[in-house]
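Asker: Have a look at this one.
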Amino acid sequence: MAVHDTTDTTDTTGTTRRGDRTAEPVLGSAAPRREGPAKLTGTARYAAEHTPPDCAYGWPVAAAVAHGSVTGIDDSDAMAVPGALAVLTHENAPRLGEPDDPTLLLLQSPRVPHRGWYVALAVGETPEAAREMARALHVSYDEEPHDVLVHPDHPKLYHPEQANGGYPGACERGDFDAEYDAAPHRFDLTYTLGPLHNHPMEPHAATAVWEGGHLIAYDSSQGATVVCQTLATMFGLDPHQVTVVAEHVGGGFGSKGTPRPPVVLAAMGAKHTGRAVKVALPRRELPFVVGHRAPTVQRLRIGARDDGTLAALGHDVTTHTSTVREFVEQAAVPSRVMYGSDGSRTGHGVVALDVPTPSWMRAPGEAPGMYALECAMDEVATALGIDPIELRLRNIPDREPDSGRPFSSHHLADCLREGARRFGWERRDPRPGARRDGDLLLGTGVAASTYPAYVAPSTASVQALGDGSRPAYHVRINATDIGTGARTVLAQVAADELGVPLEAVRIDVGSSDLPAAPLAGGSSGTASWGWAVHKACRELRESDGTLVTVDTTSDVQGQEEYARHAFGAVFAEVSVDTVTGEVRVRRLLGVFAAGRILNARTARSQFIGGMTMGLGMALTEHSSLDTRLGGFVEKDLAGYHVPAHADVPDIDAHWIEEHDPYLNPVGGKGIGEIGIVGTPAAIANAVHHATGRRYRELPLTPDRVG
Ligand code: MOS
């Protein structure tokens, strides 16, 4: 096993590549993003920047009550605005076919399930006209009482059969109660997290135009194939009659993983008016209509022996969903993976409230769940006088605890040890509150990370274009590059397999007219698309033809035998101001084992981006539901604080070269989400080390810590 230093710019993988066909290994190298110049010079077009001829503008109208129904809409003032074209409501909007996701059934009924739910769409000649129309629209409501606060004793709490991702809602292994009761050291700890918002750099937007019976939509999405299929279902079309383009996307963090209101509203508005229609959401509406990370109350019960090994591990999650759709943040799931114990009980309880529908946000399940589990492990370590790294090493299981399956590869111990070496952990004085620098208390903390290695079927095609003297290939796949560098990495996969320089590969991604592919989500994109690209290139190489199209549906089956997870360790050093309560992160280090790293540059960006988001979760990001008005209070980036540059230290991300033969032909486990996972607990544990106090609720803002 070797450790890759990210200051290197060349590949150092020890694997045998087809060096006879390429001088430099192209896979693993730090190739720059292909679309970088287009983004830098402003020629890259995002969804709201496509303006078809004669384009009109839609402005959605959000419900002004938190629960009830629309009783009347008076659009006379709205239609008197100069440039007014139409007002769509549940009374006149196109009827829609039923999508999988009921949050998309817009303007189909007068029901208002939560504040911010769209009740109308104003369409005007300009964005200003549409906005003015929306303001001039008179909507009356029949208001009903609302309930927006979740807590474990809520009378409507129920225990769902499944949590998000298809995981069982509850799992029991051994006799948790007996093991817990008999354990010499018992811990019963509750951690609380509020809602969190994805807030990608590019807010959600879509432009739609009907050309005859063909619907074209430019959408800000993590996966245009599903958007295409969904629009086809909702508008009664064959998928071949729909084209969804998502060529450049300014992030999503899960909030664009499923189709969202703008694309549906734009298509409805275009159908209703016969014009191209653009709908670009103001950022302050995002919290209400594009999902959020649901709040969680997590009770951890740990029964430990004198040597720190776990006899019992219990993880009970209480969370909320909306009345529109059941979505259960699967925060107890990582406790089924991380540590061995004789008895374990993990489960989820949920309450359907009059709140916006929660959805995926970077590392759904793992990010909140590992915050609680890894803080609890730190509390166990402190109470038992065992070093927190040693405590984790003693509890790493031989097999995945709940399933009993062997791990395809497992290098958490290596991440912890390598991180400890780089961080200088052995010099740490374990006593809390012992290091002082003027008014500041200093502390260090560690936490483990994990994220599952998912893979989904994909198609892809590759065509040989060049003549014998100058090889050239064209790869086509509806992958989505949400800023991760996906098109660059897939070109590297193709060049590597074809044995040609990277420049010889042209690649098109980001349109549903390309071969169908799964979304950029669940850290599964590169593995899923890479598998199809690899297969297409291999078949082309082995065939006499010039064009190959493949489907990996049969290849990705049979992945049940092994438990596949990436692991990592995050280390933080913080200062806590004893006067103001301000917590600042001085150092942040992550060491990850995520299979083969395919591009050293873009991988590092994913790791440090995830860790930055974890820093925000620990220290700055805070959202609350207003019990009186029933909506989110922190709507935009003025109220919802994501870390600014000055909040973020020089983050160090490293990885361990992990050769896992049981994954996929490109050998990667996915890296988009694991960076966020361990970071909040590492910071929270460092705050305890600095102050000697446990704060079991995030974020650690001065009002809490002071
Ligand atoms: Mo990620 S939350 O699966 O887009």
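Taken together, the values in this text are just the output of simple stated rules run on the coordinates, not laboratory data. Bear in mind the structure is a predicted one, so any value in this text is a computation, not a measurement. With ideal geometry, Cβ positions are generated from the backbone for all residues, glycine too; neighbour counts draw on all protein chains shown.
Asker: Check which residues have an amide H placed less than 5 Å from His622's amide H, if you skip close sequence neighbours.
Answerer: Placed amide hydrogens put His641 under 5 Å from His622.
Asker: While we're on this one: Using θ = phi - 60° and the Karplus form 6.51 cos²θ - 1.76 cosθ + 1.60, what ³J(HN,Hα) does each residue of segment 203-219 get, whole Hz, x for Gly and Pro?
Answerer: x, 5, 7, 7, 10, 10, 8, 9, 10, x, x, 9, 9, 10, 10, 9, 10
Asker: Hey, another quick one. Any idea which of His50, Gln108, Gly28 is furthest toward the positive side of the dipole for segment 26-129, if Lys and Arg beta-carbons carry +1 and Asp and Glu beta-carbons -1?
Answerer: Gly28
Asker: Nearest 500 deg cm²/dmol is fine: what mean residue ellipticity at 222 nm does the chain get from its DSSP H runs of n ≥ 4 alone, each adding -39,500 (n - 2.57), divided by its residue count? Show your work: numbers first, answer last.
Answerer: Working: 16 runs with 167 residues, N = 706.
Theoretical 222 nm ellipticity from helices: -7000 deg cm²/dmol.
Asker: Report the charge-dipole magnitude of segment 516-574 in Debye, nearest 20, computed about the Cα centre from +1 at each Lys and Arg Cβ and -1 at each Asp and Glu Cβ.
Answerer: Details: 4 positive and 8 negative charges, 24 e Å.
In total the dipole reaches around 120 debye.
Asker: Cα-Cα pairs above 13 Å in segment 469-510: how many percent?
Answerer: Of all Cα-Cα distances in segment 469-510, 47 percent exceed 13 Å.
Asker: Additional query: What's the ranking of 218-224, 473-479 by average number of surrounding C-beta atoms within 10 Å, highest first? Walk me through the intermediate numbers first.
Answerer: Values: 218-224: 30.0, 473-479: 26.1.
Sorting 218-224, 473-479 by mean packing, highest first, produces 218-224, 473-479.
Asker: Still on this model: Rounding to the nearest 20 debye, state how big the charge dipole of segment 246-336 is about its Cα centre with +1 on each Lys and Arg Cβ and -1 on each Asp and Glu Cβ. Could the numbers behind the result be given before it?
Answerer: Numbers: 13 positive and 7 negative charges, 103 e Å.
For segment 246-336, the charge dipole is close to 500 debye.
Asker: For the chain, report the % of Cα-Cα distances exceeding 37 Å.
Answerer: Working: 99515 of 248865 pairs.
Summing the P(r) tail past 37 Å for the chain gives 40 percent.
Asker: Okay, moving on. In segment 630-706, if the dipole is taken from +1 on Lys/Arg beta carbons and -1 on Asp/Glu beta carbons about the Cα centre, which of Pro665, Val687, Val642 is farthest to the positive end?
Answerer: So the residue we want is Val687.
Asker: Would you mind calculating the relative contact order of the chain from Cα pairs under 8 angstrom and at least 6 residues apart, reporting the percent as a whole number? Present the calculation step by step, with values, prior to reporting the outcome.
Answerer: On the way: 1903 pairs, mean separation 121.1, N = 706.
Over the chain, the number comes to 17 percent.
Asker: Same structure again: May I ask for the net charge around Val324, where only other residues with Cβ less than 12 Å from the Cβ of Val324 are counted and Lys, Arg are +1 while Asp, Glu are -1? Could the numbers behind the result be given before it?
Answerer: Values: positive: Arg111, Arg325; negative: Asp101, Glu326, Asp354.
Surrounding charge for Val324 is -1.
Asker: Please work out how much length the chain gains when fully extended from Ala383 to Asp188, using 0.36 nm per residue of separation minus the C-alpha to C-alpha distance, in nm with one decimal.
Answerer: Values: separation 195, 0.36 × 195 = 70.20 nm, distance 1.27 nm.
Contour length minus the Cα-Cα distance gives 68.9 nm.
Asker: Now for a different question. For Asp77, what is the net charge nearby, where nearby means another residue's Cβ is under 12 Å from its Cβ and Lys, Arg count +1, Asp, Glu -1?
Answerer: Numbers: positive: Arg135; negative: Asp74, Asp75, Glu132.
Net of charged neighbours comes to -2.
Asker: Same structure again: In 5 Å bins starting at zero, report the fraction of Cα pairs in segment 60-199 per bin as a rounded %.
Answerer: P(r) over segment 60-199, rounded to whole percents: 2, 8, 12, 13, 14, 13, 9, 7, 6, 6, 4, 3, 3, 2, 0, 0.
Asker: Which value, in debye to the nearest 20, describes the size of the charge dipole of the chain about its Cα centre when Lys and Arg Cβ atoms bear +1, Asp and Glu Cβ atoms bear -1, and nothing else is charged?
Answerer: On the way: 63 positive and 88 negative charges, 200 e Å.
Its charge dipole is roughly 960 debye.
Asker: Mind running the shape call on segment 512-571? Use the C-alpha gyration tensor, a ≥ b ≥ c as the square roots of the eigenvalues: rounded below 1.5 for a/c, prolate if a/b tops b/c, oblate otherwise.
Answerer: Working: a/c = 2.30, a/b = 1.90, b/c = 1.21.
Cα axes put segment 512-571 in the prolate bin.
Asker: Segment 38-116 to segment 458-514: how many Å between their Cα centroids?
Answerer: Each part reduced to its Cα centre gives a spacing of 37 Å.
Asker: If you don't mind, another one. What residue among His214, Thr319, Met611 has its Cα farthest toward the positive end of the dipole of the chain, where the charges are +1 on Lys, Arg and -1 on Asp, Glu, each on the Cβ?
Answerer: Positive-end residue among those listed: Met611.
Asker: With r as the distance between the Cβ atoms of Leu637 and Asp77 and R0 = 35 Å, compute the FRET efficiency 1/(1 + (r/R0)^6) and round to 0.05.
Answerer: Details: r = 32 Å, r/R0 = 0.91.
That pair, Asp77 with Leu637, gives E of 0.65.
Asker: Quick check on packing: order 50-63, 433-446 by the mean number of other C-beta atoms within 10 Å, highest mean leading. Working shown, then result.
Answerer: Working: 50-63: 20.1, 433-446: 17.6.
The most tightly packed comes first, giving 50-63, 433-446.
Asker: For segment 117-130, in order, what is each residue's ³J(HN,Hα) by Karplus, 6.51 cos²θ - 1.76 cosθ + 1.60 with θ = phi - 60°, in whole Hz (x at glycine and Pro)?
Answerer: 4, 7, 10, 6, 10, 8, 10, x, 5, 9, x, 5, 5, 5
Asker: Ok, one more. Specify the longest stretch of the chain that does not include any exposed loop site, a site being one of the GluC sites (Glu not before Pro) with a non-H, G, I, E, B DSSP assignment and at most 14 other Cβ atoms within 10 Å.
Answerer: Working: sites that count: Glu91, Glu161, Glu560, Glu561.
Formally, the longest exposed-site-free interval is 162-559.
Asker: Within the chain, what is the number of lysine pairs with alpha carbons under 28 Å apart, leaving out pairs fewer than eight places apart on the same chain?
Answerer: 12
Asker: Per-residue HN-Hα couplings for segment 66-83, Karplus 6.51 cos²θ - 1.76 cosθ + 1.60 at θ = phi - 60°, whole Hz, x for Gly and Pro?
Answerer: Computed from phi, the couplings for segment 66-83 are 8, 6, x, 8, 7, 9, x, 10, 10, 9, 5, 5, 5, 6, 7, 5, x, x Hz.
Asker: Taking H placed 1.01 Å from N in the peptide plane, check which residues at least 5 places from Ala276 or on another chain put their amide H under 5 Å from its amide H.
Answerer: Long-range HN contacts for Ala276: Ala56.
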